[in-house]
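The values are calculated or read from the model by the stated rules, or taken from the named source; none is laboratory data. As the structure is a prediction and not an experimental result, all values here were calculated from the model. Here Cβ is always computed from backbone atoms with ideal geometry, including for glycine, and neighbour counts include all displayed protein chains.
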Amino acid sequence: MKMNRRSFLKKTAVATGAFAIPTIVPSTVFGSTAPSNRIHIGCIGVGGQGSGLMKNVLYNDQAQVVAVCDCFATRREKALDTIKDIYTQTGKESLVGAKAYADFRELLAREDIDGVTIATPDHWHVPIALEAVQAGKDVYVEKPLGVSMEDGFKLRKLVQDKKAIFQYGTQQRSDYYFRFACELVRNGYIGKLESIDAWCASLGDNRWTKNIPPTKPVPAGFDYERWLGPAPKKPYSDIRVSNSGAYHIYDYALGFIAGWGVHPLDIAQWGNNSDTAAPIHYEGTGTVPSGGLFDTVSFWDMHCTYANGVKMHFMDHTTAVPVVSQYHPEVRDHGTTFHGTEGWITVRRENIDFSNEALRRVKLRDDEIQLYKSENHMGNFIECIKTRNKPISTIEAAVQSDLISHLSNAAIRLKQSIQWEPKNEKIINNQEAIKMLNRPMRSPWTI
């Protein structure tokens, strides 16, 4: 009897368990061209980041994009054109035929879809991921998780209970430089780890922190009500629903302290072997603009302490420059630096620097810690849908790295230090901060 893709995945999940040691399934098992053997992916949110994810799937021979969803009709149409163009250019005309949806629930109702990518505004990430996992889909979720840590905890439990494959959009884990830096730290090549610098780009002095644009009629072909979803009802303006608005309006996001910050924080967590526990103490300062449309934290200077005693300095780029320039040969708008008793390693996209250049030539021994190796983040997700093995960026790691941003945001807005109890995952003796880990959802949108 010939086994189709969905039957194979189901039997593999039962035979090996969802969290087995990573294995490689030969491509001959699934076939290199047969559509019936490809992983079927639906792409929810096909704007800037979402279209990039979709293209990664389109160029993967083991997967096929069969559906797209977006609140903007123009984006849906453009996505369908891109699918047709790429499949035609790569000799896969037979794969053209994806359908477009305005409502993600219609896409999730399709039984032929194995997994989805979620690249919506941040406030929709977790609600859609919960619906997707409940519908039996595996999920690739863009970062950050969203505006409510309580909902993030719910997603973690559901993913674990359903044994779903969850890949977080922290793609730096699938980059050699970041993996190598974390391996050197974990193996003691800079001595005992003492502190970490983590920084990223910020909102800064954007003009929309001081101005509110005039309201306008909702344009034809755009479902504004669905775009808002669980967020508060607010008048429409073009900048509100732009990428910048979605990133920097507190109704929809925490801002770059989470949306960009998750990248250097994720690497800090990986290098410190802290994927299951965020720091326990948070104190610092930050700027929250008022009077304009953009109202997420614009500058921040946070000091966090891990249970193992490691200190982390989490900063926006402007704050980081005088700190990082003391040792960094070329300060960029993002990075993670590990400081040990015997030196330092600093890593960013496309580059890594050392206090001792000899570290660049290190070859790890077989008996040393070697971290999960992935060379393509989307490819890792698709492979794990097949094998039912955990991908490189897990839901457990996602929750902890996001938690750092949420607790930092709370400390800044309340102007108070915050103590975190990792075992029970609770804020200690601060009711206002506890409330900030959850967000009410506008009716009729609920979880």
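Does any residue of the stretch 333-348 turn out to be among the aromatic types (Phe, Trp, Tyr) and under 20 Å from the mean Cα position of the chain (by Cα)? Within the stretch 333-348, not a single residue is among the aromatic types (Phe, Trp, Tyr) and under 20 Å from the mean Cα position of the chain (by Cα). Across the stretch 340-392, the number of residues qualifying as in contact with a strand residue (DSSP E or B) (Cβ under 6 Å, 6 or more places away or on another chain) and among the hydroxyl-bearing types (Ser, Thr, Tyr) comes to 3.
Going by the structure shown, is ASN351 within 24 Å of MET312 (Cβ to Cβ), free of Cβ contacts under 8 Å to residues at least 60 places away in the same chain and either touching a helix residue (DSSP H, G or I) at 6+ places or on another chain (Cβ under 6 Å) or not hydroxyl-bearing (Ser, Thr, Tyr) (or both)? Criteria not met by ASN351. Residue count for the stretch 171-201, restricted to those that are buried (at least 21 other Cβ atoms within 10 Å of the Cβ) and within 18 Å of the chain's Cα centre (by Cα): 9. When you check ASP367 against the structure, is it over 29 Å from ASP316 (Cβ atoms) and either surrounded by fewer than 23 Cβ atoms within 10 Å (Cβ to Cβ) or over 21 Å from the mean Cα position of the chain (by Cα) (or both), yes or no? Yes: the conditions hold for ASP367. A single member of TYR252, TYR168, TYR247, TYR236 is surrounded by fewer than 22 Cβ atoms within 10 Å (Cβ to Cβ), of a type outside the set (S, T, N, Q) and within 22 Å of the chain's Cα centre (by Cα), and it is TYR247. Restricting attention to the stretch 252-264 and to residues that are assigned to a loop (DSSP other than H, G, I, E, B) and among the aliphatic types (A, V, I, L, M), the residue that is farthest from CYS200 (Cα to Cα) turns out to be ALA253. All told, ILE369 falls short of being in a strand (DSSP E or B), in contact (Cβ under 8 Å) with a residue 12 or more places away in the chain, touching a helix residue (DSSP H, G or I) at 6+ places or on another chain (Cβ under 6 Å) and more than 28 Å from VAL147 (Cα to Cα). Residues in the stretch 88-115 that are in contact with a His (Cβ under 9 Å, 6 or more places away or on another chain), exposed (fewer than 14 other Cβ atoms within 10 Å of the Cβ) and either small (Gly, Ala, Ser) or free of Cβ contacts under 8 Å to residues at least 60 places away in the same chain (or both): none. Considering the stretch 425-447, the residues that are at pLDDT 95 or above, assigned to a loop (DSSP other than H, G, I, E, B) and of a type in the set (S, T, N, Q) include one that is nearest to ASP301 (Cα to Cα), namely ASN430.
Residues in the stretch 288-309 that are part of a strand (DSSP E or B), under 13 Å from GLY204 (Cβ atoms) and touching a Leu at 6+ places or on another chain (Cβ under 9 Å): PHE299 alone. In the stretch 35-87, of all residues being over 19 Å from GLY379 (Cβ atoms) and of a type in the set (A, V, I, L, M), the one that is surrounded by the most Cβ atoms within 10 Å (Cβ to Cβ) corresponds to ILE44. The residues of the stretch 265-279 that are surrounded by 24 or more Cβ atoms within 10 Å (Cβ to Cβ), assigned to a loop (DSSP other than H, G, I, E, B) and of a type in the set (A, V, I, L, M, F, W, C) amount to a single one, ALA278.
Highlighted here are the strands (runs of 3 or more DSSP E) found entirely within the stretch 61-139 that include at least 3 residues which are at pLDDT 95 or above, under 22 Å from the mean Cα position of the chain (by Cα) and closer than 18 Å to ARG38 by Cα: 63-69, 115-118.
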